[in-house]
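The values are calculated or read from the model by the stated rules, or taken from the named source; none is laboratory data. Keep in mind it's a predicted model, so treat the numbers as computed, not measured. Glycine also receives a Cβ, built like all others from the backbone with ideal geometry; neighbour counts cover every protein chain displayed. Heads up: the accessible areas ignore ligands, DNA and RNA and are worked out on the full protein's heavy atoms, side chains in. Shrake-Rupley method; radii C 1.70, N 1.55, O 1.52, S 1.80 Å.
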Amino acid sequence: MRTFVLMILLAVAGNCEAADWADWLVRGNTFGEWFVVDRQAHVTEYANTATIRNVNNTTRMWDIADFTTEKHAGSVNATSLRMEREYDCGRQQIRIIYIARYSGNMGEGNILGSDATVSNWRPVLLGTIGERLWRIACGRR
C-alpha cells in the first residue's frame, strides 16, 4: 500500500499525467527498489523508501543520483552517487550522512570513493530535489 501511495505522490508531484509506471520503479538493483524522484537531461534522482528509518528526532533515507555520463564528483569521475541523508522533518532541514561514488549506474560497479563526514544542516528549499526527498522521507504530501 505504501508503494502505491508513493507512486501516486510522485506522479502528481512531477506533473506526469501519462507516466509509464515502469519508468518510476526500478527493480532488481543490489540495493532494492528505487523510485524516481526527479528526471533531468543529465541526471535522474532516485529514493529508496524501504530504507526510511527514524533515528532520535530525525529520519534517514538512501537516494541515488544517476548520471547519463560520468560527472566529476570529489576527486574522481563517477557515473552515480549513492547517499544517505538525514532529515529534520520539524525544522525542514536536510544533511548528507554518507556519500559513495560509483563507476557504474545505479550504485553498481566499483566504489571510487566515499565520505562519511556529516555535512551541516541546510534548509529544505522549495521546488528542489531536496524538497522532494524531504517530503518522501518525512511522509509529507
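Would you say ILE52 is in contact (Cβ under 8 Å) with a residue 60 or more places away in the chain and not aromatic (Phe, Trp, Tyr)?
yes
Go through the residues of region 121-132 one by one and say whether even a single one is assigned to a strand (DSSP E or B) and open to solvent by less than 20 Å² (accessible area, probe 1.4 Å).
The answer is no; no qualifying residue exists.
With respect to the numbered conditions (1) over 16 Å from the mean Cα position of the chain (by Cα); (2) closer than 23 Å to GLU33 by Cα; (3) part of a strand (DSSP E or B), which one is the sole condition not fulfilled by LYS71?
(2)
Which residue pairs have Cβ atoms closer than 8 Å, lie 6 or more positions apart in sequence or on different chains, and pair a first residue in region 126-141 that is touching a residue at least 24 places away in the same chain (Cβ under 8 Å) with a second residue that is among the acidic types (Asp, Glu)?
The qualifying pairs are ILE129/ASP38; ILE129/GLU45; ARG132/ASP38; ARG132/GLU45; LEU133/GLU45; LEU133/ASP63.
Rundown of residues vs (1) open to solvent by 20 Å² or more (accessible area, probe 1.4 Å); (2) at pLDDT 95 or above, yes/no style:
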position	(1), (2)
THR51	yes, no
MET61	no, yes
ILE64	no, yes
GLU70	yes, no
ALA73	no, no
ASN77	yes, no
MET83	no, yes
GLN92	yes, yes
ASN105	yes, no
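Would you pick out the residues in region 90-120 that are within 21 Å of LYS71 (Cβ to Cβ) and in a loop (DSSP other than H, G, I, E, B)?
Hits for region 90-120 are SER103, GLY104, GLU108, GLY109, ASN110, ALA116, THR117, SER119.
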